[in-house]
Amino acid sequence: MKYEVVDQPLQNRSHSKLIINCRNNMDITKLNFLSREDYQLNGSIDIGEEVFLASINGGEIILYHFNKPGFYKVEIDSKKMLFVQKDDVPEYKWKSGVTLFLDRVNRNYICKVKGKDEVFSFEPNFPISYRWFDCGILFYQNNEKENSWIKCLNPDGGSEKWKKQFAWQFARLEAYDNLIVLEYHAYDKIRTDEGYEGERDWYDPNKYTIVLDGDTGEEIWQYPNGYHQIDYEKGIVLIGNINSRLSSGKIESLSVVELKINDGNVLSEVVVRPAIERVTNFHFVDESGIYYTSHDGSFGKISKTDGTILWEFDLIDDKGEKRELTDWLLLGNGNLVLQAMPNHPNGDLTCVFNPEENMEYSRVKNGIRITTDYA
């Protein structure tokens, strides 16, 4: 198997055409800027102490040490670095001119407008969760299987823009520009199995993908299944549907749906051939296909045209052992950055992988799955 081992582990923090990588130890922190095109190093900055990357927003990177005052601010384009001796650390900037700060001393959040005093503040309070995005600050509670809710506040003053109540639980919430994406679990099934007739099924909910307008809270579209992943680069939601199972419980037929995140339009929908028998996670897309990982640690690509598996690989290290992926990224040149599970006896492994150069190792050839002889 051919691949190029790289020193920079994949952290999937990006800005424009760059991937931001932060490595630190007790004496130094190295901030690396890598190209999204080919993962080549495009510059780096050394900070003479251990700090941690806190946020990337508005073209700036914020880093600080949890037990030391002050923070570092790095301008991504110019690579200029400034140390700021303040305990209010910027977390997010809105186009309106409002900035959200984390008050590290009092452990609360403060919204300020440049040249003005505080306009809004709040203190984290479990079980309520928080998220900031283009349209404001989300407060939400979804720790129970019933009565989840979301409300959106205006950061300039804290007034409520909208609130939405749900009968059941949304298990995931993500933000994309001015949209909110939910995986919603409705526990509205009534059991019919012997001994439990008439009881509510709290273990197998009906799942939905719901997308809300972040400005109004109104539903834009929904799909009758939970989503796998959002391709943030392409603005795509990926959903897998299990059409049938074998008597053994393995998947007999699986289809994948590619939807445009803005309006829910179906861009492609294909049945995967040959079937992937174990649980699969669909991650991202390019013009010709959809990329996935399987439960057993393999990774592959499916044709958008007819659902054929174009290739499927296992990542094999230099000692012949299969390594399970924990993260991966599609580069602009078509190569993949693969990151294996850390703390392996054979050492950590991050590499750049070209599928076309490795077709002889594909586990699927001409639509037929091939057995392997390695561990």
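Structure notes:
- Considering (1) over 30 Å from residue 25 (Cβ atoms); (2) in a strand (DSSP E or B); (3) of a type outside the set (Ser, Thr, Tyr), the lone condition that residue 95 does not fulfil carries the number (2).
- Residue satisfying all of: in the range 294-304; of a type outside the set (D, E, K, R) and part of a loop (DSSP other than H, G, I, E, B); surrounded by the most Cβ atoms within 10 Å (Cβ to Cβ) among these: 298
- For the range 311-330, filtering for residues that are in contact with a Lys or Arg (Cβ under 8 Å, 6 or more places away or on another chain) and either surrounded by fewer than 18 Cβ atoms within 10 Å (Cβ to Cβ) or among the hydroxyl-bearing types (Ser, Thr, Tyr) (or both) leaves 2.
- Taken together, the criteria exclude residue 251 from residues that are crowded, with 16+ Cβ neighbours inside 10 Å, touching a strand residue (DSSP E or B) at 6+ places or on another chain (Cβ under 9 Å), touching a residue at least 12 places away in the same chain (Cβ under 8 Å) and within 21 Å of residue 336 (Cα to Cα).
Each row is one residue, and each column tells you yes or no for (1) out of contact with any strand residue (DSSP E or B) (no Cβ under 9 Å at 6 or more places or on another chain); (2) more than 30 Å from residue 202 (Cα to Cα); (3) among the hydroxyl-bearing types (Ser, Thr, Tyr).
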{"site": "55", "(1), (2), (3)": "no, yes, yes"}
{"site": "63", "(1), (2), (3)": "no, yes, no"}
{"site": "72", "(1), (2), (3)": "no, yes, yes"}
{"site": "80", "(1), (2), (3)": "no, yes, no"}
{"site": "105", "(1), (2), (3)": "no, yes, no"}
{"site": "127", "(1), (2), (3)": "no, no, no"}
{"site": "138", "(1), (2), (3)": "no, no, no"}
{"site": "146", "(1), (2), (3)": "no, no, no"}
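- Of all residues in the range 305-328, those that are closer than 13 Å to residue 348 by Cα and part of a strand (DSSP E or B) have Cβ atoms under 7 Å from Cβ atoms of residues that are at pLDDT 95 or above and among the hydroxyl-bearing types (Ser, Thr, Tyr), 6 or more apart or on another chain, in 325/293.
- The range 27-77, subset among the aromatic types (Phe, Trp, Tyr) and outside any strand (DSSP E or B), residue modelled with the highest pLDDT: 39
- Test for residue 126: is it at pLDDT below 95 and within 25 Å of the chain's Cα centre (by Cα): yes
- Residue count, the range 100-119 (criterion: surrounded by 12 or more Cβ atoms within 10 Å (Cβ to Cβ) and not in a strand (DSSP E or B)): 2
- Count of residues meeting criterion [loosely packed, with under 15 Cβ neighbours inside 10 Å, touching a residue at least 24 places away in the same chain (Cβ under 8 Å) and acidic (Asp, Glu)] in the range 261-278: 1
- Residue within the range 190-209 that is of a type in the set (S, T, N, Q) and crowded, with 18+ Cβ neighbours inside 10 Å present: yes
- Being without any contact (Cβ under 8 Å) to a residue 12 or more places away in the chain and either in contact with a helix residue (DSSP H, G or I) (Cβ under 6 Å, 6 or more places away or on another chain) or within 30 Å of residue 169 (Cβ to Cβ) (or both) holds for only one residue in 154, 125, and it is 125.
- Sole residue being crowded, with 16+ Cβ neighbours inside 10 Å, over 19 Å from the mean Cα position of the chain (by Cα) and acidic (Asp, Glu), chosen from 60, 49, 75, 37: 60
- Residues in the range 331-342 that are surrounded by 15 or more Cβ atoms within 10 Å (Cβ to Cβ) and under 10 Å from residue 39 (Cα atoms): 331, 335, 336, 337.
Listed here are the residues, each with its yes/no results for (1) over 23 Å from the mean Cα position of the chain (by Cα); (2) in a strand (DSSP E or B); (3) of a type in the set (Gly, Ala, Ser).
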site	(1), (2), (3)
233	no, no, no
264	no, no, yes
282	no, yes, no
292	no, yes, no
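The values are calculated or read from the model by the stated rules, or taken from the named source; none is laboratory data. Everything numeric here is computed off the predicted structure, so don't read it as measured data. All Cβ positions, glycine included, derive from the backbone under ideal geometry; neighbour counts span all protein chains shown.
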